[in-house]
Amino acid sequence: EYGGEVRVTLQNAVRGFSANLSEEQALRLSEDPRVRLVEENARAYLSSEQVLPPDNSLWNLDRVDQRTAVGSGNDRYRYCEKASSVIVYTLDTGINKKHTEFLTSSGASRVLNGVKFASDTWVWPGEADDYGTYPCGGWQDNYAGGHGTSVASLIGGKTLGVAKGVQLVPLRVFHCSGSNGSVEHLCWALDWIKSTSNPNRDHRPALVN
């Protein structure tokens with residue numbers, strides 16, 4: 001009646017059909033009083049679920065998969081993907097690349113070598129340069145890692161993180177003490193992301209935190 005081409009007819013669990021329709025045809029169909037609903041077809045993805053501890057210590061994950069703050073949550077974090085194709089640049093005190101939150105099952109780290117822009121230098125034994133991956137910075141002890149590691153764990157840690165498979169690039173703009181950052185260092189780091197010095201400058205999707 002409104003044009004288009006029927007694809008699949010449904011009559012047991014639900015009464016309906018799928019069809020190839022133009023937007024105009026779909027709108028006209030939706031206005032027919034015999035039709036309860038017209039919905040655009042969409043891709044479907046498998047979903048994963050993380051059971052959260054009952055002490056509410058991971059309340060952030062319980063909240064982030066809800067549309068509103070109404071209610072106390074369900075102690076579950078449901079997510080559709082781990083975002084392993086995404087790169088996240090973190091401007092902070094660096095990220096401890098050997099922290100268990102960022103290690104894959106094979107032992108490889110999802111923390112890539114970044115760049116340090118702060119004036120102090122911290123290098124892993126056996127490495128030639130400060131890539132922002134040494135566990136330094138902020139209010140925690142130097143072995144665990146400080147502010148930057150903490151922030152990165154919320155972004156992409158396998159236990160605490162929202163996107164549990166992202167690749168993280170530390171851009172160390174603050175001293176390991178958590179101080180002595182500057183707007184200059186921040187701008188320098190942002191400029192590096194788009195520069196030819198960054199081997200992943202054209203990679204998408206990518207985010208900056």
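The values are calculated or read from the model by the stated rules, or taken from the named source; none is laboratory data. As the structure is a prediction and not an experimental result, all values here were calculated from the model. Because the Cβ atoms are built from the backbone with ideal geometry, glycine has one as well, and the counts that use them run over all protein chains shown. Only protein heavy atoms, including side chains, enter the accessible area calculation; ligands, DNA and RNA are left aside. Shrake-Rupley method; radii C 1.70, N 1.55, O 1.52, S 1.80 Å.
Of the residues in region 44-57, not one is in contact (Cβ under 8 Å) with a residue 12 or more places away in the chain, β-branched (V, I, T) and closer than 25 Å to S195 by Cα.
Within region 6-21, residues that are within 16 Å of E39 (Cβ to Cβ) have Cβ atoms under 8 Å from residues that are open to solvent by less than 70 Å² (accessible area, probe 1.4 Å) and part of a loop (DSSP other than H, G, I, E, B) in these pairs: A19/G4; N20/G4; L21/Y2; L21/G3; L21/G4, counting only partners at least 6 apart in sequence or on another chain. Within region 1-21, the set of residues being open to solvent by 100 Å² or more (accessible area, probe 1.4 Å), part of a loop (DSSP other than H, G, I, E, B) and at pLDDT 90 or above comprises E1 only. Between L160, L190, L171, the distinction of being aliphatic (A, V, I, L, M), touching a residue at least 12 places away in the same chain (Cβ under 8 Å) and open to solvent by less than 30 Å² (accessible area, probe 1.4 Å) belongs to L171 only.
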